[in-house]
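*Asks:* A single structure is presented below for examination.
The values are calculated or read from the model by the stated rules, or taken from the named source; none is laboratory data. These numbers come from a predicted model, not from an experiment. Using ideal geometry, Cβ is built from the backbone for each residue, glycine included, and neighbour counts are taken over all protein chains shown.
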Amino acid sequence: MWGFQNNLAKLLATSLFSVAVVVTLNTAPAHALRAGSWSWPVVGGHTISHGYDAPSVFYGAGHRGIDLVAEVGQEVLAPADGKVHFVGTVVDRELISLDHGQFLSTFEPVTSPLTEGESVTRGQVIGTVAISSHCTCLHMGARQGKDYLSPLAMLASIPAAVLLPWD
């Protein structure tokens, strides 16, 4: 009798967990469902010197991107197909922004010969890392509309979850 109830409890718990996982996946924002769809913007190692730090309020303090260790003059690659959204200097840093349809990617400090509206393909050189007073790094940002996202959500692949048997 107790064995049957124990197996029933395991089945019920597994079913509830499965429903929770499905509901969570179906209500996830679009950027979470596209994890791993962008390639890294630099060749070689991918050392992050400063991670994404979401602000507590829209205009609050935070770090709206990641900093990748990079050398001045190192080539910067398009993470996905798109069009050049902006090329220029903001405050004291050269930057380039790419429009990938639903998402924007930004890179600074980057010197780029490209112009607004030009098409780019994944892996294409879009510029080189420039000198910055901020760090010897490449800052990469990502946005969906006005919302900043962690670029790692687009870069890092999340392995599939595997449910193991109870016994």
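*Asks:* Which residues, taken from the stretch 115-127, are surrounded by fewer than 19 Cβ atoms within 10 Å (Cβ to Cβ), touching a Gly at 6+ places or on another chain (Cβ under 9 Å) and not charged (D, E, K, R)?
*Replies:* Of everything in the stretch 115-127, those that are surrounded by fewer than 19 Cβ atoms within 10 Å (Cβ to Cβ), touching a Gly at 6+ places or on another chain (Cβ under 9 Å) and not charged (D, E, K, R) turn out to be SER119, THR121.
*Asks:* Now for a different question. Show me the strands (runs of 3 or more DSSP E) entirely contained within the stretch 40-133 in which 2 or more residues are of a type in the set (D, E, K, R) and touching a residue at least 24 places away in the same chain (Cβ under 8 Å). Steps first, answer last, please.
*Replies:* Numbers: elements: 48-50, 66-69, 75-77, 82-90, 93-99, 104-108, 125-129.
In the stretch 40-133, the matching strands (runs of 3 or more DSSP E) lie at 93-99.
*Asks:* Scan the stretch 134-147 and tell me whether some residue there is of a type in the set (A, V, I, L, M), assigned by TED's automatic domain parsing to the domain that holds ALA70 and more than 21 Å from ALA54 (Cβ to Cβ).
*Replies:* Our first condition is that a residue be of a type in the set (A, V, I, L, M); within the stretch 134-147, this holds for 138, 140, 142.
Subsequent filtering for residues that are assigned by TED's automatic domain parsing to the domain that holds ALA70 retains 138, 140, 142.
Now narrow it down to the ones that are more than 21 Å from ALA54 (Cβ to Cβ): none.
Checked the stretch 134-147: no residue is of a type in the set (A, V, I, L, M), assigned by TED's automatic domain parsing to the domain that holds ALA70 and more than 21 Å from ALA54 (Cβ to Cβ).
*Asks:* Which condition from (1) modelled with pLDDT of 85 or more; (2) surrounded by fewer than 13 Cβ atoms within 10 Å (Cβ to Cβ) is the one that THR111 breaks?
*Replies:* (2)
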